[in-house]
Amino acid sequence: MGTDAGGTRSPSDHWDGRYRDTGSARVSWFTPDMSTSVGLLHRAGTSPTTSVVDVGGGTSVLVDRLVAEGTADVTVVDVSGVALDEARRRLAARAPDNRVVWVHADVLDWTPGRTWDLWHDRAVFHFLTQPDDVARYVDLAARCVAVGGHLVVGTFSEDGPPTCSGLPVSRYSTAALASVFARAFDLVHAADEDHLTPSGTFQHFSWVLLRRRPDEGRPATVSGGTSPGEE
Ligand SMILES: C[S@@+](CC[C@H](N)C(=O)[O-])C[C@H]1O[C@@H](n2cnc3c(N)ncnc32)[C@H](O)[C@@H]1O
C-alpha cells in the first residue's frame with residue numbers, strides 16, 4: 001500500500017511507519033500490562049469460554065493475557081501488518097499452541113461473518129472523526145457483539161490530547177461515549193484513567209463497559225460470562 005491520489009499516506013503505511021520508526025515499547029500508547037482493559041474485561045465476567053475480539057490491538061499484550069488465562073477464542077484486528085507480525089511472533093514464542101486469529105484489515109472495511117462475546121477497543125475508535133465513520137463503526141459493533149455480550153472502549157477524554165500519532169482524534173466524556181453506542185448498548189460501568197506514556201506525560205482516557213441490548217426477535221447468543229459488579 002502506498003499513497004492515495006492526494007499524496008497522503010494510507011492508514012496502513014502510517015501505522016506501519018509508527019511501529020517501525022518508534023518501536024512498540026516507545027509509542028505513546030504503550031502500556032506494559034493493559035491493566036485498565038484487563039480490569040474491565042474481568043468486570044464483564046470474562047472466562048476462558050468468552051470469545052474476544054481486540055479491535056486495533058496493534059502490539060498490545062492484551063492478547064497474551066487472554067491466552068495465558070486460557071481464553072480459547074481470540075481475534076486481533078489491525079490495519080498495521082507490522083504490528084500484527086510483531087504481536088504474532090511474540091505470542092508464538094510464549095504460547096506456541098495459541099489459536100489466535102490475526103486479521104489485517106481496516107475496521108471500517110471489515111465484514112466478519114460472526115459475533116463475539118466481548119469487543120475491546122483501546123485508543124482506536126477515537127480516530128474516527130467523521131460522523132459517517134462513527135456510524136459505520138457503531139453498526140459494526142452492534143452486529144458483531146452477541147446479545148448480552150460486552151463492548152469495552154477507551155478513548156482520549158475531553159481534556160486529553162487533541163491528536164494521537166499525528167492524527168486528529170475525537171475526545172469523549174464517559175457519558176458522551178456511552179451515548180454514541182446507546183442505540184444498541186447499555187452502560188454497565190464507566191471509568192477514567194491517567195495513562196503514563198513512555199516519555200513520562202499523562203494522557204487522560206475515558207472508558208466504558210457496555211452491554212449489548214437484545215433486539216426484538218434476535219435470540220441471546222452469548223456463550224459465557226455474566227456481569228458482576230454492575231453499576
Ligand atoms: C493508538 S494505537 C492502540 C493500539 C492498541 N489498542 C493498544 O492499546 O496498544 C491504535 C491502533 O489502531 C490501529 N488502527 C488505527 N486505525 C485503524 C483502523 N481503521 N482499522 C484497524 N486498525 C486501526 C493502529 O494500527 C494501531 O495499532
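Of all residues in the range 125-148, exactly one satisfies the criterion of being among the β-branched types (Val, Ile, Thr), farther than 16 Å from THR50 by Cα and either out of contact with any helix residue (DSSP H, G or I) (no Cβ under 7 Å at 6 or more places or on another chain) or exposed (fewer than 14 other Cβ atoms within 10 Å of the Cβ) (or both), namely THR129. Has the range 10-25 got at least one residue that is in contact with a Ser or Thr (Cβ under 9 Å, 6 or more places away or on another chain), among the basic types (Lys, Arg) and away from the ligand (no atom under 12 Å from the Cβ)? The answer is no; no qualifying residue exists. Any idea which residue in the range 36-51 is surrounded by the most Cβ atoms within 10 Å (Cβ to Cβ), counting only those that are under 12 Å from THR71 (Cα atoms) and either in contact with a Phe, Trp or Tyr (Cβ under 9 Å, 6 or more places away or on another chain) or aromatic (Phe, Trp, Tyr) (or both)? Selected residue: THR50.
Which members of the range 113-124 meet the condition of being without any contact (Cβ under 8 Å) to a residue 40 or more places away in the chain and either of a type in the set (Gly, Ala, Ser) or within 21 Å of SER12 (Cα to Cα) (or both)?
Taking the range 113-124 first, the residues without any contact (Cβ under 8 Å) to a residue 40 or more places away in the chain are 113-114.
Within the range 113-124, GLY113 is the sole residue that qualifies.
Can you pull out every residue in the range 13-35 that is closer than 14 Å to ASP64 by Cβ and without any contact (Cβ under 8 Å) to a residue 24 or more places away in the chain? The answer is SER35, and nothing else. VAL53 meets all of the listed conditions (1) within 19 Å of PHE30 (Cβ to Cβ); (2) more than 9 Å from the ligand (Cβ to nearest atom); (3) of a type in the set (Val, Ile, Thr) but one, namely (1). Only residues that are under 18 Å from ALA182 (Cβ atoms) and either within 11 Å of the ligand (Cβ to nearest atom) or in contact (Cβ under 8 Å) with a residue 60 or more places away in the chain (or both): list them for the range 152-170, please. Of everything in the range 152-170, those that are under 18 Å from ALA182 (Cβ atoms) and either within 11 Å of the ligand (Cβ to nearest atom) or in contact (Cβ under 8 Å) with a residue 60 or more places away in the chain (or both) turn out to be VAL152, VAL153, GLY154, THR155.
Looking at ASP106, is it of a type in the set (D, E, K, R), in contact (Cβ under 8 Å) with a residue 60 or more places away in the chain and surrounded by fewer than 17 Cβ atoms within 10 Å (Cβ to Cβ)? Yes: the conditions hold for ASP106. Considering the range 75-96, and only residues there that are touching a residue at least 40 places away in the same chain (Cβ under 8 Å) and closer than 12 Å to ASP54 by Cβ, the residue that is surrounded by the fewest Cβ atoms within 10 Å (Cβ to Cβ) turns out to be THR75. In the range 68-85, the condition of being within 12 Å of the ligand (Cβ to nearest atom), under 15 Å from VAL107 (Cβ atoms), assigned to a loop (DSSP other than H, G, I, E, B) and of a type in the set (Gly, Ala, Ser) is met by at least one residue.
The number of residues in the range 134-165 being touching a Phe, Trp or Tyr at 6+ places or on another chain (Cβ under 9 Å) and more than 26 Å from THR197 (Cα to Cα) comes to 11. For the list (1) within 13 Å of the ligand (Cβ to nearest atom); (2) in a helix (DSSP H, G or I); (3) not acidic (Asp, Glu), I need the number of the one condition that PRO32 fails. Against the list (1) within 13 Å of the ligand (Cβ to nearest atom); (2) in a helix (DSSP H, G or I); (3) not acidic (Asp, Glu), PRO32 comes up short only on (2).
Read-outs throughout are calculated quantities, based only on the coordinates presented, and are distinct from any laboratory measurement. None of the values given here were measured: they were computed from a predicted structure. Positions of Cβ are backbone-derived with ideal geometry, glycine not excepted, and every protein chain shown enters the neighbour counts.
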